[in-house]
Amino acid sequence: MTFANVGTLGTKPGQRDAVVSILLRPMPGLEEAGCLLYEVGVNDEVPDTVFVCELWESPEAHRTSLQLDSVRAAIAEAMPLLSGDMGGSRFIVVGSPLR
């Protein structure tokens, strides 16, 4: 089963690019934990928002990844730059016309 987590992270004014930089750093152990895709994006129409699209082998793989030192360090560094406005959806992927 593939698990998707698609979300938004609100940043404090002017901090979007700093958060993007943190999220784009290599995170050792992410692939081994079961991460299939981790994409970070921006939209200039919402300048204080970071978009994240993740695919995981399972919901458990996603939860386990939150214990990785590299992930915990990235979260700790990004938290002071976030506004607290977060959104998104989590779901089980049922298929794709590409596979």
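Throughout, read-outs are computed from the coordinates displayed, never taken from laboratory work. No experiment lies behind these values; they were computed from the predicted model shown. Every residue, glycine among them, receives a Cβ derived from its backbone with ideal geometry; neighbour counts consider all protein chains shown.
Computed extension length for Val6-Val42: 11.6 nm, one decimal, from 0.36 nm per residue of separation with the Cα-Cα distance subtracted. For the stretch 8-86, the Kirkwood estimate of hydrodynamic radius, built from reciprocal distances between every pair of different alpha carbons, is 13.0 Å.
Of the GluC sites (Glu not before Pro) found in the stretch 1-63, those in coil by DSSP whose Cβ has at most 16 other Cβ atoms within 10 Å are Glu45, Glu57.
The charge dipole of the chain, taken about the Cα centre with unit charges on the Cβ atoms of Lys, Arg (+1) and Asp, Glu (-1), comes to about 140 debye, rounded to the nearest 20. Dividing the summed helix terms, -39500 (n - 2.57) for each DSSP H run of n ≥ 4, by the number of residues in the chain produces a 222 nm estimate of -8000 deg cm²/dmol to the nearest 500. Which residue fluctuates most in the GNM of the chain (Cα springs below 10 Å): Asp44, Asp69, Asp17? Among Asp44, Asp69, Asp17, the largest GNM mean-square fluctuation belongs to Asp44.
Couplings 3J(HN,Hα) of the stretch 72-87, computed from phi: 4, 5, 5, 4, 4, 6, 7, 3, x, 8, 8, 7, x, 7, 10, x Hz, in residue order, whole Hz [Karplus 6.51 cos²θ - 1.76 cosθ + 1.60, θ = phi - 60°; x for Gly and Pro].
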